[in-house]
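The values are calculated or read from the model by the stated rules, or taken from the named source; none is laboratory data. What you are looking at is a predicted structure, and each value in this text was computed from that prediction instead of being measured. Here Cβ is always computed from backbone atoms with ideal geometry, including for glycine, and neighbour counts include all displayed protein chains. Only protein heavy atoms, including side chains, enter the accessible area calculation; ligands, DNA and RNA are left aside. Shrake-Rupley method; radii C 1.70, N 1.55, O 1.52, S 1.80 Å.
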Amino acid sequence: MNVADERWALDHRPSLFEHASRLRTPTRDLPLPDDGCLCLDEETEPDEWGPGDTSSSLSRLIATLEAFRTDPDRSFAALHDDIRDLRAPLWVLDHLKPDNLSPLPHDLARETAIWLARHGTHHLPVGVGLHLLAGKATPQDAVLIRTLGLLPCLGPTAVNVLETIPGTAADLIWLADRASPLTRTRAIAAMCRIGDLTATGWLLRHAADGRDPMGSDAVPIAEAVSLADVLEEAAAIDNEIILTAARLLQGLCSSDGYPAQPEKYRDACRAIAAFAVHAAGAQPELDLLAALVTLAEELRSGPAALLPWPAWEPAATLTRLDHLIASPRWAPILAEAGRSIDEMTRWRAGWVARAVARPFPDPASPDEAGLDRLAIRVTVPDPVRSGPVETRLLVNNRPVIAEAFRKGTPYQPEDLLGALEATDRPHEVRLAEAYCTEGCCGALYVTIVREGDTVVWRNWRDPDGTITLPPFRFQAAQYAATLARAVRDHGWEWPARSLARELNQRLRDEPGLLSAWHCDLVRVSAWNGEQDSVRVSFWYPRRPSFQVGEDPWLQFEWIIPLDNTDLDAQVAHLADRLHRTDPKTYARVVGGSREYAERLGFPWPY
């Protein structure tokens, strides 16, 4: 570093490294407040960015580095400012390839990287410094790298660099204990890959602390810690490990918006069975009960029921789970959770209580005449997760949607149950759609028809794949009774969901409540992860055709906070408000375009 570089570092504001170090000092070994802090100047990124801008910025960055390499009077400070002035989003650096940085000689690349990382005041040159350090960093650099990793904008890159340094398991643990959720997730994934015993011990006890890993995250953790072996081989297991196992197995078997794929963990059956044994001796906690409830449901109606279980194991494991869930030791835990000041804790307590109170349909095997038997189970995931309500169809105890189609989850009951009614006219029903859309990855269809005293499901298809399910034949009266019970069953609903159902019906029965204001209902919904409100979505001035040249339109959303009044009284109050007041005056614009909003006289919120 020359004299000019030293003067630059002294004259400029504190570096991002100093910024992160100061954030850490007051909190010592605790996580940073608010999951860390944005990088300084992150708000200077451009508002609009096109595909061509990325390649152009990369080309200019590479040219900047090449000019620096060939400049006999090269200056780190000048390089820093040149990179800063590219005004590119930080994620552009994710498109860098090792070959892009290889022209810089090793020693020069390392010296440059350390200066940019240590003295940089802008996130883009500091990010370049971290990228240059990959494969060149030494254990002595770990403190610099992990401290920068406390900043969410740099955390994932810092993890990538730490992973290339031998013996940095302790640094990855340090960062995972303090950083933002995304950086923590990346650090955990890195620890799963490095195979270090220190990392494995931490993962076994803390990988799911305060977090609820998705299935895609849970599988590598379970494999890295040999979860099934740990649970099977230990005579007794402490509570920390049991809670980690509970959260991992719940994540493995939960959809989280994407289809659950417990089969991705090859030892899932062993782990679930052994967990059910050890859970009996664990201290009662809400997370543990939530996992027990989830696993019991999934072993009966979800993808976990399709795992390659030994013939006797599912029934034995379910018996253990049911016995544990029915234990009176949970009563004080649920009572305390129901009084919690944390809304999510209260919602989870209500979810558990409803799940426990709902009996599961008796196992239904083919009857004496050889006809198939249908059971319908509406399932609600743990509110702490983002998965949707599902309408699961079990034919002869097999969850047929999960068996045939793993690219999306079953539809919600209001979107599916009515379509399952059988008449003598065949009609095709879409049971599930890929999480991305049917046009991208397909959907699951079946044709339903009544033939005399029999209802037939046939002609299974997926426009994007092959379905191997056979036709199913049901006794018509039993089929109708099963469907009617499912339609009447609202025991799975939380209060806001019940309000949404009743309000939706009121708006369907009285369309004039919205049409008087030139509005057209989209839907009324209540989200499982946001149980204190209902959302009414509607078009104005009409439902769009999505055709070129159509008249302007907007989509509005009215968010209704739940109150503690009677359900019918709430619906009546909301209907009266719609009758008296234009909903566009208290709903917000959520769809359309800036141009359409201006033409219709409304402010565009984005």
Largest first and in whole Å, give the semi-axes of region 303-387's equivalent ellipsoid, each being the square root of 5 times a Cα gyration tensor eigenvalue. 31, 16, 13
Mean projected area, convex hull of alpha-carbon positions in region 106-184, reported to one decimal in nm², is 4.4 nm²
If you take the charge dipole of the chain about its Cα centre, with +1 on Lys and Arg Cβ and -1 on Asp and Glu Cβ, which of PRO14, ILE272, THR164 is farthest toward its positive end? ILE272
Give me the one-decimal Kirkwood hydrodynamic radius in Å for region 369-422, with the sum taken over alpha-carbon pairs. 12.3 Å
In the chain, if every C-alpha pair distance is counted and binned at 20 Å from zero, what percent goes to each bin? 16, 41, 35, 8, 0
Estimated D of region 477-606 in µm² per second, where Rh is the Kirkwood radius over Cα pairs and Stokes-Einstein applies at 20 °C, 1.002 mPa s: 132 µm²/s
Residue-normalised accessible area of region 503-606, expressed per residue, 1.4 Å probe, Å²: 56 Å²
Shape verdict for region 250-296, please, from the Cα gyration tensor: rounded (a/c under 1.5), prolate (a/b greater than b/c) or oblate. oblate
Gyration tensor on Cα atoms of region 53-108, a ≥ b ≥ c root eigenvalues, a/c under 1.5 rounded, else prolate if a/b beats b/c, else oblate, says oblate
Within region 369-459: Cβ-based charge dipole about Cα centre, in debye rounded to nearest 20 (Lys, Arg +1; Asp, Glu -1): 280 debye
Could you work out, for region 495-572, what percent of all Cα-Cα pairs fall into each 10 Å distance bin, beginning at 0 Å and stopping at the bin that holds the largest distance? 19, 45, 27, 8, 1
Of the listed peptides 398-409, 121-132, 431-442, what is their order by residue-averaged count of other C-beta atoms within 10 Å, with the highest listed first? 121-132, 398-409, 431-442
Relative contact order for the chain: what percent, with Cα pairs under 8 Å and sequence separation of 6 or more? 7 percent
How do 249-262, 75-88, 417-430, 168-181 rank on mean C-beta neighbours within 10 Å, highest first? 249-262, 168-181, 75-88, 417-430
Given C-alpha coordinates of region 463-503, what is the ratio Rg to Rh with the Kirkwood estimate of Rh? 1.21
Within the chain, helix-based [θ] at 222 nm, where runs of 4 or more DSSP H residues each add -39,500 (n - 2.57), nearest 500: -14000 deg cm²/dmol
Percent breakdown of C-alpha pair distances by 10 Å bin, ordered from the shortest bin, for region 69-142: 19, 56, 25, 1
Rounded accessible area per residue of region 409-486, 1.4 Å, Å²: 49 Å²
If contacts are Cα pairs under 8 angstrom and at least 6 residues apart, what is the relative contact order of region 87-237 in percent? 15 percent
Using a Debye calculation, one point per C-alpha and no hydration shell, please list log10 I(q)/I(0) for region 473-526 at q = 0.13, 0.16, 0.17, 0.29 Å⁻¹ in order. -0.50, -0.65, -0.70, -1.06
Accessible area per residue for region 265-384 in Å², computed with a 1.4 Å probe and the full protein assembly in place, what is it? 45 Å²
Region 296-413 - percent relative contact order, Cα under 8 Å, separation 6 or more: 24 percent
Cross-link partners of LYS136 among lysines (Cα-Cα below 20 Å; sequence separation of 8 or more within a chain): LYS97
Local net charge near THR138, Cβ-Cβ under 13 Å (Lys/Arg +1, Asp/Glu -1): -2
Out of the total accessible area of the chain (probe 1.4 Å, heavy atoms of protein only), what percent is carbon and sulfur? 52 percent
Return the equivalent ellipsoid semi-axes of region 286-346 as a descending list in whole Å, where each equals the square root of 5 times an eigenvalue of the C-alpha gyration tensor. 28, 13, 6
Taking a ≥ b ≥ c as the square roots of the Cα gyration tensor eigenvalues, with a/c under 1.5 meaning rounded and otherwise prolate when a/b beats b/c, else oblate, which class fits region 401-515? oblate
Say R0 is 51 Å: what FRET efficiency, to the nearest 0.05, do THR70 and ARG205 get from their beta-carbon distance? 0.50
Size descriptor, Kirkwood hydrodynamic radius, that averages inverse alpha-carbon separations across region 236-358, Å: 14.7 Å
Reach of LYS407 by Cα under 12 Å, taken over aspartates and glutamates that are not fewer than 8 positions away in the same chain: GLU433, GLU438, ASP462, ASP464
